1. Among what's in segment 301-317 and is more than 16 Å from the ligand (Cβ to nearest atom) and of a type in the set (Ser, Thr, Tyr), pick the residue that is farthest from Ile257 (Cα to Cα).
2. Tally time: how many residues in segment 278-312 are assigned to a strand (DSSP E or B) and without any contact (Cβ under 8 Å) to a residue 24 or more places away in the chain?
3. What do you reckon, is Arg280 of a type outside the set (Gly, Ala, Ser), more than 25 Å from the chain's Cα centre (by Cα), modelled with pLDDT under 95 and closer than 18 Å to Gly325 by Cβ?
4. Return a yes/no flag: does segment 124-133 have any residue that is charged (D, E, K, R) and more than 17 Å from Arg202 (Cβ to Cβ).
5. Kindly evaluate Asp348 against the criterion of being farther than 23 Å from Phe241 by Cβ and either touching a Gly at 6+ places or on another chain (Cβ under 8 Å) or not assigned by TED's automatic domain parsing to the domain that holds Ala198 (or both).
6. Against the definition (surrounded by fewer than 17 Cβ atoms within 10 Å (Cβ to Cβ) and in the same structural domain as Ser239 (by TED's automatic domain parsing)), how does Gly278 come out, yes or no?
7. Would you check which residues across segment 318-361 are assigned to a loop (DSSP other than H, G, I, E, B) and within 16 Å of the ligand (Cβ to nearest atom) and list them?
8. Got a sec? Which strands (runs of 3 or more DSSP E) wholly within segment 92-208 have at least 2 residues that are farther than 25 Å from Phe352 by Cβ and among the polar types (S, T, N, Q)?
Amino acid sequence: MSDPSKATDSEQVSESENLQTEQENVEQPPVKLRKRLKRSWFLFSVLVLLVVLLIVRDDLRQSAAESSEKAVRYVTFDILGWSPRDVFIWRLRVAGLLDSPLGQRWSEAVDLAGEQPVKAGGQFRTTESFASDEVEAHVYQLSLERGEKLIWQFSRLDTAESRLYASLERREKNNQEWSTITELDADDAINSQVVSKAGDYRIVLQPELFASAEYLLAMANGGSLPFPVEGAGQRDIGSAFGVARDGGARKHHGVDIFAERGTPVTAVIDGYVRTGTGARGGEHVWLSGSMIGFGSARYYYAHLDSFVVESGDKVKKGDILGYVGNTGNAITTPPHLHFGIYSGGPVDPAPFLKPEPELPD
Ligand SMILES: [Zn+2]
């Protein structure tokens, strides 16, 4: 077996040689041939290594077999961007059915249903069915803000072996195109997705051609973080994100949550804290999912009466970080927590702080 680091080196050398050859003289077949041989030796070594691993490592072989369906889905959906429904369309095309009136109706059914989607915001639950002699799709749509959490439960109520394609799709603001975020499994489990991009979201359901199906779909949307002030809620948010500050010189990069002086403020995630005292934020705490603060959103708790954690402390979601006050530039206003979220810039915390979603019974 060749040393992998050596193999990489020879790859780099052959790349630069390749450039030189093209610049200097194209008519040098022996050099090219040698490089090709080097490259194929490298690929061959990798292949042999993989085969040896699969033979030696029994556990790898087993998991490879078990996950083969997932692997196919990974390649088709995650790499090529084809959903199982796209693959079915491709099969219809190969079978010569896609251009038939029936194939056309099937492939256009989602667009048709999407023109008048069922509104599914808040708490939503339905049981519906598809008849085998109809060509239809069902579309359930709602709008979501960044930081909201969508939860859903999807299950088949019939025992037919037919495929029922189900996907969660998103259309960003100022965009006409829908893109698939994930396929839905009819697993009867409660699944969730935290919204990283605001926009329209929809769940699309369509059985394969000539198939009947009956299903249950329940969904709900709400916040993705626990409320950071004990005993307080959305009604206590007094000053919204984005309003003018200092006579319009800057914008409010958080929300103000009003509460009695001394009310505990709590960690919204598991993470690490950094504390400080400043003219603007007063006694304040930064909370981040990672030690250094990279790769994770940062949460800012300001105007605290006092904090009870130290820089570098590891905290759990729900742990008390400090107490509501009016330190810093809030000295003339009633006690409140200024709560900010920074993730590639300031983000409106309000959608994150909505009550957590619950599926209807
Ligand atoms: Zn504020």
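The values are calculated or read from the model by the stated rules, or taken from the named source; none is laboratory data. Keep in mind it's a predicted model, so treat the numbers as computed, not measured. Note that each Cβ is placed from the backbone with ideal geometry, even for glycine, and that neighbours are counted across all protein chains shown.
1. Ranking the qualifying residues of segment 301-317, first place goes to Ser311.
2. Within segment 278-312, residues that are assigned to a strand (DSSP E or B) and without any contact (Cβ under 8 Å) to a residue 24 or more places away in the chain number 3.
3. Yes; evaluated as a whole, the condition is true for this residue.
4. Yes, segment 124-133 contains a residue that is charged (D, E, K, R) and more than 17 Å from Arg202 (Cβ to Cβ).
5. No: the conditions fail for Asp348.
6. yes
7. Asn326, Thr327, Ile331, Thr332, Thr333, Pro334, Pro335, Asp348, Pro349
8. 123-130
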